[in-house]
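The values are calculated or read from the model by the stated rules, or taken from the named source; none is laboratory data. As the structure is a prediction and not an experimental result, all values here were calculated from the model. All Cβ positions, even for glycine, are placed from backbone atoms using ideal geometry, and neighbour counts span all protein chains on display. When the accessible area is computed, the model is the full protein with side chains, heavy atoms only, and any ligands, DNA or RNA have been set aside. Shrake-Rupley method; radii C 1.70, N 1.55, O 1.52, S 1.80 Å.
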Amino acid sequence: MENNGSIGTQFNVPLNKRVLDLCMIIIMELCINSIYTISIFVGPLEEVRGWSPNMIVIAYTIVMFCETPSYFIGGLLMNKFGRKKLQVACGVIYGLAIMVSGLTQSVILFIICQGVMAGLSMMIVYFCNIVLINSVFTKNKGLIMGIMYGASGIGGVIFAPLLTYLIGIFNVTTVLVAEGAIFAVVLFISTVVVYDPTMGDKKLQAKIQEEADAAEAAEAIAGKAENALPTMRWKKALAHPAIWMIFVSIIMIQMIGNVLVTDIAVLGEKIFNVSEMDSAWVVSGFSLGVGLGGILIGWISDKIGPYKTTYLLGLFSGVILLVFGILLGHNFMAYAIVCIIQGVTYGGMTTLNPIMITDSYDIKDLGTMMAIMAISYGIVGAVGPQLGLSVSFIPMIIICAVLCILGGFASKFACSTLNKYYRSVENSECVVR
């Protein structure tokens, strides 16, 4: 290990250990994103258990609300027990929670297991992987993070048709129990064998994470002159309309994505009368779109700016939905294509949000501003699934289309008001795109 003040704490991790860790991270990420295939379980659980789909999808809503507290809880527990012990425990709890969700006859217990227990556990396992990457992959962290995100998307592509096929052969109870058991074993093995260069040193882990956070903040402002940096602090931001326009644009543009995450299979089967397997392939297509969206939209944002990208993305998604809803609303193939496109929007918005924040507000308040944005994701995660199940299909599509377009304009308004503010600040050359 080396300690260099300019580059932070570095470890000379052997290549074979880095390969091992990368493989284990990919395996973990494949396992912990099963909540994003919850849509394929909605129909079978309604049929076998008699549960309302509106109740089943609440599990996803709770997972969305778990993101911010999971980082706080994970940070506290990691300081007390260390990364490895925490990740091993959460990996096993995740699998066991899915197992119990398959055995229970209570929809409330199902929501608790899938939403609270599995939700918090998956987020903490993910958080621990970020800490591990900061320790092991200091020179190519961006690439490894991209691979990790890609593994999350691939999980949805693989598991949706596979689990649907297995439900058809066995039953939803058996599949959920088996899935949970396999995940518990696989996550236990992968979290135990992963190489940790800190050797469980909690103080060293905390130091590395602090250095990584500082490096991330420095990277966000790299290449910018001092007077070109955003300087608006969080108190001023809360009194300024831009943050609320960003907040609203996320909810509006992401509404259709949150409808589809949980309802895509149910809608396919009930509206288009297709088989469960056909719907499962559409779920895979949506997951693939999410992965591609993060890459494609991120690249476009680098070229024209995150606000303009969000504006155009909202308009594009809205127009696509309008055309589909008015002209092709009863065509299953069109539905499948729209789901892939909206997957791109969903993944793209997830990528754009932190870029918008770092480009607009003082880097010292990054955590605070992102926490505010997390609330918007919780709100749309609560409303979207219920909208898809409670409103007739075509009107729901039209509503989401209008919301996307309005969300695009909200982003454009936020950009305009931010630039107006920075033009009023003496000596400021900050420009938001």
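Residues in segment 343-353 include none that are in contact (Cβ under 8 Å) with a residue 12 or more places away in the chain and farther than 21 Å from TYR149 by Cα. Scan segment 375-386 and give yes if some residue there is in a helix (DSSP H, G or I), over 19 Å from ILE62 (Cα atoms), open to solvent by less than 50 Å² (accessible area, probe 1.4 Å) and not polar (S, T, N, Q), otherwise no. No; the residues of segment 375-386 include none that is in a helix (DSSP H, G or I), over 19 Å from ILE62 (Cα atoms), open to solvent by less than 50 Å² (accessible area, probe 1.4 Å) and not polar (S, T, N, Q).
Residues of segment 358-374 that are assigned to a helix (DSSP H, G or I), more than 13 Å from the chain's Cα centre (by Cα) and either touching a residue at least 24 places away in the same chain (Cβ under 8 Å) or farther than 21 Å from PRO230 by Cα (or both): THR358, ASP359, SER360, ILE363, LYS364, ASP365, LEU366, THR368, MET369, ALA371, ILE372. Exactly one residue out of GLN105, GLN87, GLN114 is over 19 Å from ALA178 (Cβ atoms) and at pLDDT 90 or above: that is GLN87. Taking the conditions (1) in contact (Cβ under 8 Å) with a residue 60 or more places away in the chain; (2) within 29 Å of ILE394 (Cβ to Cβ); (3) surrounded by fewer than 19 Cβ atoms within 10 Å (Cβ to Cβ) in turn, GLY291 satisfies each one other than (3). Reported count of residues in segment 234-270, each being under 11 Å from SER376 (Cα atoms) and without any contact (Cβ under 8 Å) to a residue 24 or more places away in the chain, is 1.
Conditions (1) at negative phi; (2) out of contact with any Gly (no Cβ under 7 Å at 6 or more places or on another chain); (3) of a type in the set (A, V, I, L, M, F, W, C), marked per residue:
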residue: CYS66; (1), (2), (3): yes, no, yes
residue: GLY82; (1), (2), (3): no, no, no
residue: LEU96; (1), (2), (3): yes, no, yes
residue: GLN114; (1), (2), (3): yes, yes, no
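Looking for something open to solvent by 40 Å² or more (accessible area, probe 1.4 Å) and not in a helix (DSSP H, G or I) - is there at least one such residue anywhere in segment 387-394? Taking every residue of segment 387-394 in turn, at least one turns out to be open to solvent by 40 Å² or more (accessible area, probe 1.4 Å) and not in a helix (DSSP H, G or I). So which of PHE272, PHE247, PHE286 is open to solvent by 10 Å² or more (accessible area, probe 1.4 Å), touching a Cys at 6+ places or on another chain (Cβ under 6 Å) and modelled with pLDDT of 90 or more? The match here is PHE286.
Taking (1) at pLDDT 85 or above; (2) crowded, with 18+ Cβ neighbours inside 10 Å; (3) not hydroxyl-bearing (Ser, Thr, Tyr) in turn, ALA178 satisfies each apart from (2). No other residue among CYS430, CYS415, CYS400 is at pLDDT below 90 and surrounded by 20 or more Cβ atoms within 10 Å (Cβ to Cβ) apart from CYS430.
Within segment 246-267, can one find any residue that is closer than 23 Å to THR368 by Cα and not in a helix (DSSP H, G or I)? Within segment 246-267, not a single residue is closer than 23 Å to THR368 by Cα and not in a helix (DSSP H, G or I). Hey, does segment 304-321 have a residue that's within 26 Å of VAL274 (Cβ to Cβ), part of a helix (DSSP H, G or I) and either touching a Phe, Trp or Tyr at 6+ places or on another chain (Cβ under 7 Å) or open to solvent by 20 Å² or more (accessible area, probe 1.4 Å) (or both)? Yes: segment 304-321 contains one or more residues that are within 26 Å of VAL274 (Cβ to Cβ), part of a helix (DSSP H, G or I) and either touching a Phe, Trp or Tyr at 6+ places or on another chain (Cβ under 7 Å) or open to solvent by 20 Å² or more (accessible area, probe 1.4 Å) (or both).
It is to be established whether one or more residues within segment 88-108 are more than 30 Å from LEU45 (Cα to Cα), out of contact with any Lys or Arg (no Cβ under 9 Å at 6 or more places or on another chain) and without any contact (Cβ under 8 Å) to a residue 12 or more places away in the chain.
no
Could you grab me the full set of residues in segment 160-184 that are in contact with a Leu (Cβ under 7 Å, 6 or more places away or on another chain) and among the hydrophobic types (A, V, I, L, M, F, W, C)? Listed by number, the residues that qualify are VAL172, VAL175, VAL177, ALA184.
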